[in-house]
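Undergrad: Just dropping this structure here.
Coordinate-derived values only; no laboratory data. Remember, predicted model here, so these are calculated numbers, not experimental data. Backbone-built Cβ (ideal geometry, glycine too); neighbour counts: all protein chains shown.
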Amino acid sequence: MVIYLIIYGLRRKEIVANSRKFLNTGSKSLAVVLVALALSLGLSFLSLYAVAIAHANSVKSTDIISGDYQAMKKNSQKCTELYNNVGECYFMRALSKIYLQDLMSAKQDMKIAEEKGFNIHSITSLNQLANSYDSANSYKELAQIYQALIKEKPDIADYHASLSFTYKEL
């Protein structure tokens with residue numbers, strides 16, 4: 001919802017009115033609400049891209065918190081089918097595969113995510129990768145991620161300590 005209020009400030013009243021209408025239908029999925037909202041307002045490709053990002057983020061946060069990585073994989077697969085040009089959907093699918101210890105397939109999805117414009121080397125992405133590799137006990141890959149984080153942010157002691165611990169586990 002916030003995405004649309006920022007991008008389409010001039011249409012704020014219409015967006016709020018329509019979002020309430022869709023929420024009142026019983027749909028609790030942010031992605032469904034945003035897609036319906038975008039379609040009802042006839043919004044552009046940029047809007048649908050924002051919807052895809054919202055969908056990917058809702059997949060990530062809900063399923064990672066619950067630890068339901070199969071659901072995360074299924075939902076991120078749906079995201080890639082609906083929004084096949086949005087790299088974040090592929091990145092979310094890669095994360096789910098890492099959690100499920102399917103590392104080769106995850107690397108393929110990360111490559112696709114990057115080809116589709118998603119920055120897999122951002123601090124946020126690297127931290128997400130660190131969490132997933134740590135959860136999967138994939139220490140070789142985890143060490144590479146911490147090395148990249150240290151290169152970007154050498155002043156963060158936690159990255160150095162985590163890399164040391166990771167080396168100990170190798």
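Undergrad: Set the bar at 26 Å for Cα to Cα. Now go through K111/K140; K74/K168; K74/K111 and name every pair that lies beyond it.
TA: Flagged as over cut-off: K74/K168.
Undergrad: ³J(HN,Hα) across the range 114-121 via Karplus (A = 6.51, B = -1.76, C = 1.60, θ = phi - 60°), whole Hz, x for Gly/Pro?
TA: So the J values, rounded to whole Hz, are 5, 4, 8, x, 7, 7, 6, 9.
Undergrad: Kindly state, to the nearest 0.05, the FRET efficiency for S105 paired with L170, given R0 = 22 Å and r defined as their beta-carbon distance.
TA: After rounding, the FRET efficiency stands at 0.45.
Undergrad: Further, regarding this structure: Can you tell me how the range 115-170 classifies by the Cα gyration tensor, rounded, prolate or oblate, using a/c under 1.5 as the rounded cut?
TA: oblate
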